[in-house]
Structure formats: C-alpha cells, structure tokens
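K.L.:
What follows is a structure written as structure tokens; I'll ask about it next.
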Amino acid sequence: MKTSFPKALLARHETYLALIIILFSIVLANATTGFLTAGNLLSVMRGGAGLGILSLAFFVALVSGGIDISFPAIAISGQYIAIRAMLAFGINSIWAAFGISIAIGIAYGLFNAFLITKFKIPSMIATLATFNLYHGALLEFVGTEAVNVGRIPTSITEFGRMAIFRFETEQGPLGLSIFVVVWGAAIAATWFIMRRTMLGRGIYAIGGDAEGAKRAGFRVTRIRYFVYGYVGFLSGIMGIIHVSLIRFAQPNNIVDTALLRVIAAVILGGTAITGGRGTITGTTLGVIIIILLDRHLIMLGIPSAWTEFFIGIVIVVGVIATHLRMKISRVRRGELVVDRAH
Amino acid sequence: MVQALLEVRNIRKAYAGVQALDDVSLTVAPGEVHCLVGENGSGKSTLIKTVGGAVQADSGEIIINGTSFGSSISVIQSIRHGIQIIYQDLSLFPNLTVAENISLSQMIEQGEKLTNWKRIREVALRSLAQIEEHIDVDLPLDRCSMAQRQIVAISRALTQGAKLIIMDEPTSAITAEDVRRLFKAVRRLNEQGVAMLFVSHKLNEVFEIADSVTVLRDGKKVGDYQASELNQDKLTFLMSGQNLEYKPFQFDPEKEGAPLLLETRRLRKVNQFHDIDLKIHAGEVVGLTGLVGSGRTELALSLFGLNPPEGGDIVIDGSLVRIKGPEDAKRHGISYLPEDRHGQGLFGHQTIADNVVATVIDSLRGTTGLIDARRRDRIWQEWIDKLKIKTPSGHNLVSSLSGGNQQRVVLAKWLAVEPRVFIIDGPTIGVDVVSKARIHDVIQELARTGMGILVISDEVTEIMQVCSRALVMRKGRIVAEFTDLQSVQESEISQVVAGIDGSEVVA
C-alpha cells in the first residue's frame, strides 16, 4: 500500500513551508523593487547563515528529546573570548579564531551534557541555568568592553569578505559568501550524521523512547554527550561567522535576539518539541522564512518594531498547524474516536 | 526427551523482605507455547526479568540449551543465547519506520557505525517473511495498529536470533481479531522451533494456544499443567487459591417498585449513535455491550457530558435536563468511570488519598474556605476500607498499587461524590480474576444501596455475571435487550454482538 506521489507530497510539512516561501517571494517581488535581484538574495543568505547554523544545533537537541537554550551564550562566549585572546596575544589567524571558539563551544556543550546525564536535570532547566552561567562568567571574567571595527583582527574581516563564484555586475562584484559555504557544509554534515550514521538513528531513537533505546542497545549517555557537544561545536562556529559579518564584538550580542529566532525557525520547520521528529529540510525552510520576514517586512512598509510581533504570530500559527495536522491524522487512523471536551 | 530450551531451577528472589519468588522452577521445550499465569503480584514479572537478566536472583540456577549460568545471567548473555523479552510497552520507537524498528537492534549488535538503509529494509522484510506477515516497512510505526506493532516487536526479536520469545501480557491491548492474527504468527514460529512464553492473567486466551501452563501464586509455583487438562474454573482456583463464587444478580424494577432515575429519549449523534431509548432504575445493574465502534462508549460519554448529543432528550427524575459538561452531570448525580484509567482516571504521581478526594474537593471547604482535613481523611479512609484497597497507607502513591487496586481507587474516587447513577466503562480491563470478582461484588453491593448502574464491557461473560439486564449495541443502535440473564446462553448474546444472529441494522 504505497501512497501516491502527489499525496505523499501533500502530506509533508515541508511542502507547505516551500509554498509559503514562494507566496511570500511573489508578494515581495511585486511590492518592492530589488527583492528579486541576485545581490539581494545573496546578501539575505549571507546574513542568515548564522541563524541557519544555530537552528541546526537546536534541531538536533530537540530531536534527541532534549532542548538546549544555552547556545546563544555559548556562541557569544566563543566569539568574544576568541577575539579578546587574539588581541591579547597578537594572533591574527581565522583558524585560531575558529579553533578557540569551537573549543569553548564543545567544552560548554559537554558541561551541559554532564549536568543533564549525571544529575538527571531536565535539559530545559540545566541549559537555562548554564545560559546565565556562561554569559555571566563572560561578563565577569573576560570583560564588557566592546571591540569595534578598527580593532577587530584583519583576518576576521577578510574572512567576512571571502566569496566563491565571484562575478561582476553593474552594481559591483558579487559572489557566494563563505558564510553560506560554511552553512551548507553544516547542513551536509548534520544530514549525514542524522540520516546516515547509527549515531543519528540513535538520536532519533532516544527522542522517541529513551528507555526503549537503552533496551535496544543504544548507548544513551554517550549519544547525549554527542548531542550537546555538537550544539556547542556549531555555536562556536556561528560565533566567528557572526563577528566576521558585523565586524564588531560586544559580549551582549547574539544573546539578545538569537534565541527567539532560532526557536521560531525550528518549530516552524516542523520539528516536534516533544522529540523524535523533524527534518533538516524543514528546519532550513523554517530558517529561510524567518530571515525573509526579518529582512523584508520593512521593505513592505511595516515598521521594524513589528518584526517581533510577526515572528510571534508565525510561531503560533506554525504550532497550531502542526498540532492540527497530527490530530487529523490520528482521527483518520481511528485512534481518536470522539472529541473529548477538555 | 528433547533437551529443554530453558530450564529455571529453584529460583529465589526477595525484595526488601518480601519473597517475590520462592523456589520456583520452570522448563520450556523448543517449539512449545508455554503460559505463565498468575494474579497481579504473583511473581510472573520478576521471574521473566530474572531470565532476561534485568533482575538478579538470590539463589537457584538458570540453564539455557544445557549451558548453566548459575543464579544470575546478564542481559547480554541472555540475548546472545536466544532469549528475547517483549515487554508490555513493546519498547518500539513510534517516530521511526517499521523497518528501522525491526532492524536497528541487530545493526547495533553488529557494531555498525553507518546506516545502511538497503540492509535495514532487507533485514526487516526477511524477518516479516519468516512469520508470513506483510506490513509496509516504510510506514512510520505510529501509523501502525497495536497488533501490527506486536508483529514488529516479534520480528525484531527474530533478527536477534531468538529461540525463546517471552511476551508480557501481549493480548491486553488488542482486539480478539488481532489476538488471532498474533497467534497465527506464533504458530508459524513454533513450526520453526522457536518457543514462546506468554505471561498472562487472561484465561480464555491461554487455552487457545498454550501447550503447557505454569501457575504461580504469591511467589510460589502451584504446578505445571498440560493446557488440555485445565478448564476455566480449575485455573481460576489454582491462581487464586479459592473457588470464586459467581453470584448472578436478579432485579426486577417493576416488582420492586424501583423509581426511574435516568431515561433517554431518541438520543442521537451523527455517525455515533441513533435513537437511543435507555432506562436506568434505582437498584439495577444494566449491562451495555457491543463491539468497539458500536457506539457504546460514545453514548456513555454523552450521558456524562463529554460528548454532547445532537438530538433527543435526557430525563432525570422525571424532568428534562441538559448535560453540556461533566459539571452538569455531577450536579445531576451522574458519575462516570472511564475505560482508560491511566489516561483519564488517576493522577499517578499523587497519593491514594488525594486521588480519592479529588472529585469532592470543592465540598470539603470549611467555613474558612480551607480544606477540612478531618473530613477529608474520614472520606478516603472510609473508601479504602469499603473497597478493600490493599495498601499500608493512604499516603502512598497511586502508582505503587497493582492494577486491580488502582482500578478500585478510581472506583472510590467516583463513589466519593455519592452518585445516583454510576456509569462504569470496562470495570475490569487489565485486572486478574480475583480482583475482578471483588469489583463485581462491589458493583452489586452498590446497586443494593439504591444506586442505578450502567456497566459497559465487551466481555459478555462479565455482563452476564454482574448485570440484571443487558443491552446490545451495534452500528450505533440498541439492537437487543435481555431482561432475564439467567435464562439466556452466553453464545446467544455474543451472536447478537457480532451481528450473526440474522438481524440486520440499518445504520
């Protein structure tokens, strides 16, 4: 009993996300000038890469049946410590920047895993605590001084300008930013892990039924260490991408806006908050919707103050849509006989 | 004699001073279906966990295919020597595909690092083919029925090289038709030399499939029997240690002059039930039976306000009432005991006492607006005593009780409101014969106090044992009424339920 092709497509959450993106793009293309230009689209993707990478991290944590909300603090810690260390020791290398930031990210991520697996603290509570812990430690022990563009190491700013497939246009040179390449690599790596390795199937399995996963022979603790370590790893990468983009380091960046947008993108992408379900395609489409909203509402004449409001609406609608679709399929299967009133 | 596949000798296990297993022995031959039966708490679960390595015995010997493991075996050893336990919850992954559910354990066992999707599907298909079952292996498991999930669990056990599959209460969550399908799969396995050990407290199924039966009671073995030498009564006696009396309940409302408590007139809801005329008098126990989907539960829910009807009247004490929610129902003296006691009936993480008084908490408020603790304690103590709930203290968690006792707490909870009409949906689902008999006694006792009771059950036997009158629903209509249950045969009612009595219903 195979489902036919168009029906299978209609049953997929991703199809609806793609339709929303297309509709929104049509609206934007008609209402504004300059949306459908190569320059704008490349710039949108360059700006959204950081969000995309963090969303992959959040997606993996959710699929495992956990959650990690400390990632903004991890990302800014990696970034700010790397920049300050480079300035203090006179190092000027993008490799050093990534090395330091990723090392801090992984260490913090593993500490999250330690709290969650050793003391059985719910991941939400554990990472809420470490969010404050990591950010507080950064402000207290590293400092609060802003590093402006003049002092940012040149290797960072040069990395930010790197692009492949360069070509000349009337508006000037264009190319695919290195950020998008890194984002693409992160998507590929995450897809490979989740889809093509037993580790990835283990992440889905513990998100479905942790006790069952243990009985099936999965090493649940080890998988959790990987999950939170991977969140830290990706956050560390994002920290450097972020500073290369805005060429300014200040320890209150990222923590101010990233959390809401990442949660919005991943939930919108159809990943179940209860774990075990979600796809990378959905997550990435969710990210695209959020960055389109973030960047283009203003082009439609909607004041930027409304952006938060619209992202809020998007989360509510996305969650309701997911809930309804699950309920309808349960009724079809006959699991839900009558609508019980509560 | 063929060498035993599994031999367990003189196993003892104590938990905190309680002797859970006392000198228990068990032998399972290759290719046989063996049943391990006993009441809740008789030690069945402890015994299978000992064999599976999840629990270490204090003394005794476990021998698999001639290899002795002393008194304790590890989980890995047990699996490597062909023992597979399928627990009641099945330990499957609802979010993964059928193929993954079947094959992943084997991939892990073989130390695979990468996911080979082609092999995952092949292993799954081969395993399903071994028991001649067809399930779309690409389907997510949560789209499968309970029966299909059990087939998946069995197929997974086969990929692990199972020689003995132990299933814990496999038939409690599935319909009779699914049970037959499951048994067919089991038969095919037996032909291939795979043995099955069923753990059950349901009796009729035991006879259908078992070759031999081992009975446990209070941690001790009562004996080993050939299934052919047992019958229902004998097995009940062996399990409970007592002859359970079956007391038919006779009650004629007209002769007794019993007042009519609740009446429905042409009650209906599209696709659920049609033109329901139902009468419940004080002091009678009315049985309502029918297949799943016949509309029986939907009807009961509508009387309790959880599934408002679309037309028709509900009359209580001669006056027309509207029941739009459980609050209305409670005000009119109607209580409802749900079928799914875990989902709807109990707060598992709270104490027995708190559960009992949950329904009456509003009326416990004293003059200060605070809870009157003395009255509260009196109420729960009274119900624990009345329903003989087995617990050292009302302050223990509900989740610490056995299934039968939990069911009694649910009863207590809804009796605490002192209802006049009590609707009981599946009063004894998942409880053993002894608890069942006690619950039946309680129901009849309540009726004698003048309560009107509606019992919904898909077990015709149960309806005949506990009720004074029975109604049969099919396709949303009441198709038959039996007023004298002493003079009908069980098979007569069953035929009406199944719709093979010749009558046709126009839906």
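The values are calculated or read from the model by the stated rules, or taken from the named source; none is laboratory data. If you're wondering where the values come from, they're calculated on a predicted model, not measured in any experiment. Here the Cβ positions follow ideal geometry from the backbone for every residue, glycine too, while neighbour counts run over all protein chains shown. Protein only, heavy atoms only, side chains kept; ligands, DNA and RNA dropped before computing areas. Shrake-Rupley method; radii C 1.70, N 1.55, O 1.52, S 1.80 Å.
K.L.:
Identify all residues within region B:371-392 that are touching a residue at least 40 places away in the same chain (Cβ under 8 Å) and open to solvent by less than 40 Å² (accessible area, probe 1.4 Å); write none if there are none.
P.N.:
B:Leu387
K.L.:
Determine if region B:161-180 includes at least one residue that is at pLDDT 90 or above, open to solvent by 20 Å² or more (accessible area, probe 1.4 Å) and not in a strand (DSSP E or B).
P.N.:
yes
K.L.:
Within region A:174-188, is even one residue away from every other protein chain (no Cβ under 14 Å), over 21 Å from the mean Cα position of the chain (by Cα) and either open to solvent by 30 Å² or more (accessible area, probe 1.4 Å) or not acidic (Asp, Glu) (or both)?
P.N.:
Yes: one or more hits.
K.L.:
Select from region B:106-123 the residues that are touching a helix residue (DSSP H, G or I) at 6+ places or on another chain (Cβ under 9 Å), open to solvent by 70 Å² or more (accessible area, probe 1.4 Å) and within 11 Å of chain A (Cβ to nearest Cβ) and list them in ascending order.
P.N.:
Result: B:Glu109, B:Lys113, B:Leu114.
K.L.:
Quickly run through region B:81-105 and pick out the residues that are within 12 Å of chain A (Cβ to nearest Cβ) and under 24 Å from B:Ser45 (Cβ atoms).
P.N.:
Listed by number, the residues that qualify are B:Gln84, B:Ile85, B:Ile86, B:Tyr87, B:Asp89, B:Leu90, B:Ser91, B:Leu92, B:Phe93, B:Pro94, B:Asn101, B:Ser105.
K.L.:
For A:Leu292, indicate whether it is more than 13 Å from chain B (Cβ to nearest Cβ), open to solvent by 20 Å² or more (accessible area, probe 1.4 Å) and part of a helix (DSSP H, G or I).
P.N.:
No.
K.L.:
If you don't mind, there's one more thing I want to ask. So which residues in region B:260-309 are of a type in the set (S, T, N, Q) and more than 14 Å from every other protein chain (Cβ to nearest Cβ)?
P.N.:
Correct list: B:Thr264, B:Thr289.
K.L.:
Out of the residues in region B:204-227 that are part of a strand (DSSP E or B) and of a type in the set (S, T, N, Q), which is most open to solvent (accessible area, probe 1.4 Å)?
P.N.:
Checking each candidate, the answer is B:Gln226.
K.L.:
Let me ask something else about it. Looking at this structure, is A:Arg247 touching a Ser or Thr at 6+ places or on another chain (Cβ under 8 Å) and either within 14 Å of another protein chain (Cβ to nearest Cβ) or not hydroxyl-bearing (Ser, Thr, Tyr) (or both)?
P.N.:
Yes: the conditions hold for A:Arg247.
K.L.:
Please verify whether B:Val410 is more than 25 Å from B:Glu459 (Cα to Cα), surrounded by 19 or more Cβ atoms within 10 Å (Cβ to Cβ), β-branched (Val, Ile, Thr) and not assigned by TED's automatic domain parsing to the domain that holds B:Ala447, treating the condition exactly as stated.
P.N.:
Here the answer is no, as B:Val410 does not meet what is asked.
K.L.:
Somewhere in region A:270-279, is a residue modelled with pLDDT of 90 or more, within 14 Å of chain B (Cβ to nearest Cβ), surrounded by 13 or more Cβ atoms within 10 Å (Cβ to Cβ) and out of contact with any Ser or Thr (no Cβ under 7 Å at 6 or more places or on another chain)?
P.N.:
The answer is yes; a qualifying residue exists.
K.L.:
Could you give me the residue pairs with C-beta distances under 8 Å whose first residue belongs to region B:323-339 and is of a type in the set (A, V, I, L, M, F, W, C), whose second residue is open to solvent by 40 Å² or more (accessible area, probe 1.4 Å) and assigned to a loop (DSSP other than H, G, I, E, B) wherever it lies, and which are 6+ apart or on separate chains?
P.N.:
Final answer for the pair search is B:Ile323/B:Pro308; B:Ile323/B:His332; B:Ile334/B:Arg420.
K.L.:
I'd like to verify a number: residues in region A:100-136 that are assigned to a helix (DSSP H, G or I) and either hydrophobic (A, V, I, L, M, F, W, C) or touching a Cys at 6+ places or on another chain (Cβ under 8 Å) (or both), how many?
P.N.:
Qualifying residue count for the region: 19.
K.L.:
Looking at the structure I just gave you, is B:Val472 assigned by TED's automatic domain parsing to the domain that holds B:Gly295, of a type in the set (Val, Ile, Thr), buried (at least 23 other Cβ atoms within 10 Å of the Cβ) and touching a residue at least 40 places away in the same chain (Cβ under 8 Å)?
P.N.:
Yes: the conditions hold for B:Val472.
K.L.:
May I pose another question? Restricting the search to region B:55-76, which residues are on the phi < 0 side of the Ramachandran plot and in contact with a Ser or Thr (Cβ under 9 Å, 6 or more places away or on another chain)?
P.N.:
Hits for region B:55-76 are B:Val55, B:Gln56, B:Ala57, B:Asp58, B:Ser59, B:Glu61, B:Ile62, B:Ile64, B:Phe69, B:Ser71, B:Ser72, B:Ile73.
K.L.:
Do any helices (runs of 4 or more DSSP H) lying entirely in region A:150-220 carry at least 2 residues that are in contact (Cβ under 8 Å) with a residue 40 or more places away in the chain, and which ones are they?
P.N.:
Once the helices (runs of 4 or more DSSP H) in region A:150-220 are filtered for at least 2 residues that are in contact (Cβ under 8 Å) with a residue 40 or more places away in the chain, what remains is A:154-161, A:178-196, A:198-208.
K.L.:
Look at region B:124-140 and say how many of its residues are at pLDDT below 90, surrounded by fewer than 18 Cβ atoms within 10 Å (Cβ to Cβ) and hydrophobic (A, V, I, L, M, F, W, C).
P.N.:
Looking only at that region, the number is 0.
K.L.:
Being part of a loop (DSSP other than H, G, I, E, B), within 22 Å of B:Leu260 (Cα to Cα), open to solvent by 10 Å² or more (accessible area, probe 1.4 Å) and modelled with pLDDT of 85 or more, is that true of even one residue in region B:420-437?
P.N.:
Within region B:420-437 (the criterion being part of a loop (DSSP other than H, G, I, E, B), within 22 Å of B:Leu260 (Cα to Cα), open to solvent by 10 Å² or more (accessible area, probe 1.4 Å) and modelled with pLDDT of 85 or more), the answer is yes, since at least one residue qualifies.
K.L.:
Within region B:1-38, restricting attention to residues that are surrounded by 24 or more Cβ atoms within 10 Å (Cβ to Cβ) and part of a loop (DSSP other than H, G, I, E, B), which residue is modelled with the highest pLDDT?
P.N.:
B:Leu5
K.L.:
Out of curiosity, is B:Gly348 at pLDDT 85 or above, within 31 Å of the chain's Cα centre (by Cα) and either surrounded by fewer than 18 Cβ atoms within 10 Å (Cβ to Cβ) or within 28 Å of B:Asp458 (Cβ to Cβ) (or both)?
P.N.:
No.
K.L.:
Kindly indicate whether any position in region B:395-403 is assigned to a loop (DSSP other than H, G, I, E, B), open to solvent by less than 40 Å² (accessible area, probe 1.4 Å) and small (Gly, Ala, Ser).
P.N.:
no
K.L.:
Looking at (1) surrounded by fewer than 18 Cβ atoms within 10 Å (Cβ to Cβ); (2) of a type in the set (A, V, I, L, M); (3) within 14 Å of chain B (Cβ to nearest Cβ), which is the one condition that is false for A:Met162?
P.N.:
(3)
K.L.:
Let me ask something else about it. Quick check on region A:222-242. Is at least one of its residues open to solvent by less than 30 Å² (accessible area, probe 1.4 Å), within 13 Å of chain B (Cβ to nearest Cβ) and in a helix (DSSP H, G or I)?
P.N.:
yes
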